């Protein structure tokens, strides 16, 4: 009996042998769960970053791919310049002494002749008539940065006498002659012709052309063109019809 009891005590039933495998399974499960969480988190972060980058670059892409076009209305530009109408760029003031006479012969001049001296002061005005511009005279580049304008030739707008400063200085008539009322009118017409000729000799038409060219260039540069070309030529030195 004693030996049997000793054998039973010598081989007791094992306790706690299942704890190590369960612990390993738990650690593996936790590791797998962590890896899954990390993978899902990485995908979420990548998706979020991509959306943020796309959103940040979208305005830049819109600017680069679809730039705002520059639209130049040639018709509107022509109307603006034509609204200036006659661009008077030169005013020439001239004073001359004009002699007018009626001659009937050496002997008859003492009896029937007449002579008049007129001190004439007048002005000649020249420039460019922008009202004559057409759409064909304006060429705008495709990108809207440069413009070329061909101006009408310069012309004489008017020649006039200053009535306050123009007067008859001297008048002589023959013993039997009556003052000719038309003589002073002829003298005034001759004065206007002389004033215009003097202004033309002094380069009025070329100066009027140059000044008109500069004025139109300034107008076009104010419209934000980078390159402006204005073609202008002097016209005939005579009063426009």
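What follows draws every value from the coordinates through simple rules; no lab data is involved. All figures in this text were calculated on a predicted structure; none of them were measured in a lab. Positions of Cβ are backbone-derived with ideal geometry, glycine not excepted, and every protein chain shown enters the neighbour counts.
Under 12 Å from a label point set 7 Å out along the Cα-to-Cβ vector of residue 158, the amide N atoms of segment 121-149 belong to 123-126.
Round to the nearest 0.05 the FRET efficiency obtained for residue 184 and residue 150 when R0 = 51 Å and r is the Cβ-Cβ distance. E between residue 184 and residue 150, to the nearest 0.05, is 0.70. At q = 0.15, 0.26 Å⁻¹ the log10 of I(q)/I(0) for segment 134-196 amounts to -0.68, -1.16, computed by Debye summation with a single uniform scatterer per C-alpha, solvent ignored.
Label-to-label distance for residue 143 and residue 231 is 2.3 nm, based on points extended 7 Å past Cα in the beta-carbon direction. Among 106, 210, the ranking by other beta carbons within 10 Å of each residue's beta carbon, starting with the fewest, stands as 106, 210.
At 0.36 nm per residue, minus the direct Cα-Cα distance, what do residue 136 and residue 169 gain on full extension? Give it in nm, one decimal, please. List each step's numbers first, then the result.
Details: separation 33, 0.36 × 33 = 11.88 nm, distance 5.27 nm.
Stretched out fully, the residue 136 to residue 169 stretch lengthens by 6.6 nm.
Taking each residue as 0.36 nm, the span from residue 202 to residue 115 lengthens on full extension beyond its C-alpha to C-alpha distance by 28.3 nm.
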